[in-house]
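Beneath this line is the structure, given in C-alpha cells, with notes to follow.
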Amino acid sequence: MTTDAALLALAALAHPTRLNAFRLLVRHEPEGLSTGQLVEHSGLTQSTFSTHLAVLAKAGLVQSEKRGRNIIQRADIDALRGLMLFLAKDCCDGRAELCEPLLAELACC
C-alpha cells in the first residue's frame, strides 16, 4: 500500500459514521449488508449515508455488488489487511517481539 492510499483510507475512516459502517461490514463478511440495512443502522437519511458510502468506496474500503434487486455492500478485507500491514510493518523497526502482544490479542478474538 502506498502512503497516499493509506492516507485516503485513514481519512475515510476518520468519521464516526464511516468507521461504524465499515466495522459493521467487517463483522458481516463475507455476506455483506444491503445499502438499506446500512442506512437503517446509521440512523441517517439515504442521501446523507450515500455520501459517506461513496467516501469509503473511493478509498477502496467498500465494494458494491448487485444481488437481485439489492445492492450489497461488502468490506474489502484485502484493503483492510493492506492498511493494517502498512501501519504495523515498519513500526517495530524489524523487532518482531514488539508486535507479538498485538498479534496475540488479535489471535484470541
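Figures for the structure shown
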item: Neighbourhood charge, 13 Å Cβ-Cβ cut-off, centred on residue 34 and excluding it, Lys, Arg +1 and Asp, Glu -1; result: +1
item: Point-to-point label distance, residue 97-residue 51, nm (Cα→Cβ direction, 7 Å offset); result: 5.1 nm
item: Spherically averaged projected area in nm², based on the convex hull that wraps the Cα atoms of the stretch 55-99; result: 4.0 nm²
item: Principal axes of the stretch 1-62: Cα extent on each, largest first, Å; result: 33, 25, 16
item: Simple Cβ-charge dipole of the chain, Lys/Arg +1 and Asp/Glu -1, about Cα centre, in debye nearest 20; result: 500 debye
item: Per DSSP, loop GluC sites (Glu not before Pro) in the stretch 11-109 with at most 16 further Cβ within 10 Å; result: 31
item: Cβ-based charge dipole, the stretch 3-108, positive-most Cα from 83, 57, 43; result: 43
item: Dipole of the chain [Lys/Arg +1, Asp/Glu -1 at C-beta], most positive-end residue of 94, 71, 16; result: 71
item: The chain: Rg to Rh, with Rh as the Kirkwood radius over Cα pairs; result: 1.03
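FYI, it's all coordinate maths here, none of it is from the lab. Note that the coordinates shown come from a computational prediction; the quantities given were computed from them, not determined experimentally. Neighbour counts run over all protein chains shown; Cβ positions are idealised from the backbone, glycine included.
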